[in-house]
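Shown next, in structure tokens, is the structure this report addresses.
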Amino acid sequence: MLSYFLRRLILVLPVAFGVSVICFLLVQIAPGDPLTAIMPVDATAEEQAAMRAAYGLDKPLPVQYGIWIANLAQGDMGRSIATGRPVAGEVFGAVQNSLLLAISAAVIAFPIGIFLGFLAGYFRDTLLDRAVTAISIAGVSVPNYWLGIVLVIIFSVSLGWLPSMGAGPGGSQDWGWDWLHIRHLILPAVTLAVVPIGIVARTVRALSGDILTMDFVQALYAKGMSRFDVLAHVARNAAATALSVMGLQLGYLLGGSILIETVFNWPGSGFLLSNAIFQRDLPLLQGTILVLALFFVAMNLIVDVAQAAIDPRIKRN
Amino acid sequence: MALVETSEAAGPASAQSGYWSGVARRLVRDPVTMICLGIIVALILSAVFAPWLGLADPYKGSMIARLKPLGTEGHLLGTDEQGRDMLARLIYGGRLTLFIGLMPVVLAFFVGSVLGIVAGYAGGITNTVIMRTVDVFFAFPSVLLAIAISGALGAGIVNSLVSLTIVFIPPITRVAEAVTSGVRALDYIDAARASGANALTVIRVHVIGNVLSPIFVYATSLTSVCMILAAGLSFLGIGVRPPEPEWGLMLNTLRSAIYVNPWLSALPGLMIFVTSLCLNLLSDGVRSAMNVRD
């Protein structure tokens, strides 16, 4: 198991390197001078050159990349151009809030998706199966930022049950596990859960449907095993694939929550990202994307290893 | 699911009615797919011919007629936050929304197919270079990658097209490479090579015809996501710029009106939803009509 983990880890390194190159290049493809945002219009050429040198922008690209990586290794992701504060601190605070949102959405989505998918797979080609298929197609087709607005219209504007924005009373950014905070979490988490419900349901439906037609299921019934015990065998066979889909979905939830965070003014990484974009704060943009992408890479690694732990057949390939 | 049965009932295709006419016949017999196709065609036609439909000017607002509700005299679907006719803006909005929502998949289909076929056919170092580069892009969730590139490049139609095309090239390349490697291993390719045909000829004559349809089916399954992402970029303010009518942008600007006229503000999003739902169902229909299993 350990050797499998190490082998996978070695494969991840080039990908992580590539991710860092892309994040570094993001700043280079941006039009205009990154300093124009903060320099006064009447700055002299010497002042501009001094600023350029201070940010290391006067060196050749590979050198800039090397410096950037070396700083990164020490946890220094540079400073935000807009606020002057270290990027690392801003990003990690925001990622915590995004993670809270993503995990809440996963806690809602995965059990519902598994349940629906299993029902549809077990009762294949019945009305129930069609209903679940319709739900999952609608789930993957809905623009969730629009769904968020519709939920706000229903539950905040019309019914007045839940708040429409923020992560706590009075725009507070500090999370607490009490009703005042949790009620802010409900709408964004439910909105974010809809797409993974559709995807998980679709996957589990296909998996359980296929496994139920396999010979070993017939054999288990034939030797007199109860329906419930047979289902346990089916679940075990489906677990590895279902788990990998869910792990990827958790990564998508974290990386893809930016639109939902914008709709609900949720103070997470997506919100930080849109601020960075509009203030042309490129170091902040770069840092946020890098952290989210590396999280996604780590998530993939964990999923692969967990999959191999559950299903020994995978390790051998 | 019903489609598979009809295909069996249809029996073996005769020499005249080839594979594609069989696919077309199966598609025509599938009501859901035909309805979705009808809706998509209607949306595209109304967008293309919008100036000749006798609609109000989608850019001309009126300060005294702002946020009129649905069913207002002269404004069937009401007016937006600047008093512009919603029906006109929704129909005109289809132009940019559908263009930016579909074009990236078309572009990525060409680029990704070329990359994937080259990687799959050439193998070796070429394959490694192309596919390892593609792997890196898979490390980004698609939404994040689109927003990252668009955010860095700034708002604009061309920038949106570029960023979304980059997002969809890697998945298409991966599928194209997988299918091509499969075909590459078959005996008739060896036979063609042994007969002295060069790589380009073998690809043109023997490979392309066998790999394009699975790549195409896969690409159609990406159109719905691309629509949602494209409108999402405009919704975030890093896609189409105002005052152009575009569904995502309209959804964004109308958010300020959710307390005044809530259902009006949900209309542009409904258009995105209907389009992406139809694209998904259409893609599923085409897939089962072509008997491609995922």
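Within segment A:289-311, identify whether any single residue is farther than 19 Å from A:Pro196 by Cβ, within 9 Å of another protein chain (Cβ to nearest Cβ) and more than 14 Å from the chain's Cα centre (by Cα), and answer yes or no.
no
B:Ala146 - would you say it is under 30 Å from B:Asn198 (Cα atoms) and open to solvent by less than 10 Å² (accessible area, probe 1.4 Å)?
Considered against the rule, which asks whether it is under 30 Å from B:Asn198 (Cα atoms) and open to solvent by less than 10 Å² (accessible area, probe 1.4 Å), B:Ala146 comes out as no.
List, please: which pairs have Cβ atoms under 6 Å, are six or more places apart or on different chains, and start with a residue in segment A:252-267 that is more than 10 Å from chain B (Cβ to nearest Cβ) and touching a residue at least 12 places away in the same chain (Cβ under 8 Å) and end with one that is polar (S, T, N, Q) and in a loop (DSSP other than H, G, I, E, B)?
A:Pro267/A:Gln173
In segment B:149-163, which residue that is of a type in the set (A, V, I, L, M) and touching a Ser or Thr at 6+ places or on another chain (Cβ under 8 Å) is most open to solvent (accessible area, probe 1.4 Å)?
B:Leu153
Return yes when A:Ile69 is in contact with a Ser or Thr (Cβ under 9 Å, 6 or more places away or on another chain), over 30 Å from A:Leu192 (Cα atoms) and of a type in the set (Val, Ile, Thr) and no when it is not.
Yes.
When the residues of segment B:276-294 are filtered to those that are at pLDDT 85 or above and within 9 Å of chain A (Cβ to nearest Cβ), which remaining residue is farthest from B:Asp30 (Cα to Cα)?
The selected residue is B:Ser276.
Here are some residues: B:Leu222, B:Leu236, B:Leu249. Which one is open to solvent by 10 Å² or more (accessible area, probe 1.4 Å), in contact with a helix residue (DSSP H, G or I) (Cβ under 7 Å, 6 or more places away or on another chain) and closer than 16 Å to B:Val105 by Cβ?
B:Leu222
Enumerate the helices (runs of 4 or more DSSP H) found wholly within segment B:208-294, keeping only those where 2 or more residues are small (Gly, Ala, Ser) and within 17 Å of A:Leu147 (Cβ to Cβ).
Passing ranges, in order: B:208-236, B:262-289.
For segment B:107-149, which positions are farther than 26 Å from A:Leu301 by Cα and of a type in the set (Phe, Trp, Tyr)?
B:Phe109, B:Phe110, B:Tyr121, listed by residue number.
Would you mind finding the one in A:Leu13, A:Leu72, A:Leu25 that is under 28 Å from A:Pro267 (Cα atoms), within 14 Å of chain B (Cβ to nearest Cβ) and open to solvent by 30 Å² or more (accessible area, probe 1.4 Å)?
A:Leu25
For the list (1) more than 14 Å from chain B (Cβ to nearest Cβ); (2) charged (D, E, K, R); (3) surrounded by fewer than 21 Cβ atoms within 10 Å (Cβ to Cβ), I need the number of the one condition that A:Glu90 fails.
Checking A:Glu90 against (1) more than 14 Å from chain B (Cβ to nearest Cβ); (2) charged (D, E, K, R); (3) surrounded by fewer than 21 Cβ atoms within 10 Å (Cβ to Cβ), the one that fails is (3).
When you look at B:Thr97, is it within 14 Å of chain A (Cβ to nearest Cβ), assigned to a helix (DSSP H, G or I), polar (S, T, N, Q) and surrounded by fewer than 16 Cβ atoms within 10 Å (Cβ to Cβ), yes or no?
no
Would you point out which residue out of B:Leu229, B:Leu200 is within 14 Å of chain A (Cβ to nearest Cβ) and either open to solvent by 10 Å² or more (accessible area, probe 1.4 Å) or on the phi > 0 side of the Ramachandran plot (or both)?
B:Leu229
Would you call B:Pro214 farther than 25 Å from B:Val48 by Cβ and within 14 Å of another protein chain (Cβ to nearest Cβ)?
no
How do the pairs read when you match residues in segment A:141-152 that are facing chain B (nearest Cβ under 7 Å) with residues anywhere that are open to solvent by 10 Å² or more (accessible area, probe 1.4 Å) and not in a helix (DSSP H, G or I), using Cβ under 6 Å and keeping only pairs 6 or more apart or on different chains?
Cβ pairs passing all conditions: A:Val152/A:Ser164.
Need a quick list: helices (runs of 4 or more DSSP H) entirely within segment A:202-317 having at least 1 residues that are buried (at least 22 other Cβ atoms within 10 Å of the Cβ).
Hits in segment A:202-317: A:227-255, A:258-264, A:269-278, A:282-310.
Where residues in segment B:1-59 are among the hydroxyl-bearing types (Ser, Thr, Tyr) and at pLDDT below 80, which of them is surrounded by the most Cβ atoms within 10 Å (Cβ to Cβ)?
Of everything passing the filter in segment B:1-59, B:Ser7 is surrounded by the most Cβ atoms within 10 Å (Cβ to Cβ).
When segment B:127-184 is examined, which residues are found to be more than 9 Å from chain A (Cβ to nearest Cβ), among the β-branched types (Val, Ile, Thr) and over 18 Å from the mean Cα position of the chain (by Cα)?
B:Thr128, B:Val129, B:Ile130, B:Val134, B:Val179, B:Thr180, B:Val183
When you go through A:Leu116, A:Leu57, A:Leu99 one by one, which is the residue that is modelled with pLDDT of 85 or more and open to solvent by 40 Å² or more (accessible area, probe 1.4 Å)?
None of the others qualify; the one that does is A:Leu99.
Any idea how many residues of segment A:139-154 are over 20 Å from the mean Cα position of the chain (by Cα) and surrounded by 16 or more Cβ atoms within 10 Å (Cβ to Cβ)?
5
What's the number of the condition A:Gly32 fails, among (1) at pLDDT 85 or above; (2) open to solvent by 50 Å² or more (accessible area, probe 1.4 Å); (3) more than 23 Å from the chain's Cα centre (by Cα)?
So the condition that A:Gly32 fails would be (1).
The values are calculated or read from the model by the stated rules, or taken from the named source; none is laboratory data. What you see is a predicted model, and the numbers here were worked out from it, not measured in a lab. Neighbour counts are summed over all protein chains in view; Cβ atoms, including those assigned to glycine, are modelled from backbone coordinates with ideal geometry. Protein only, heavy atoms only, side chains kept; ligands, DNA and RNA dropped before computing areas. Shrake-Rupley method; radii C 1.70, N 1.55, O 1.52, S 1.80 Å.
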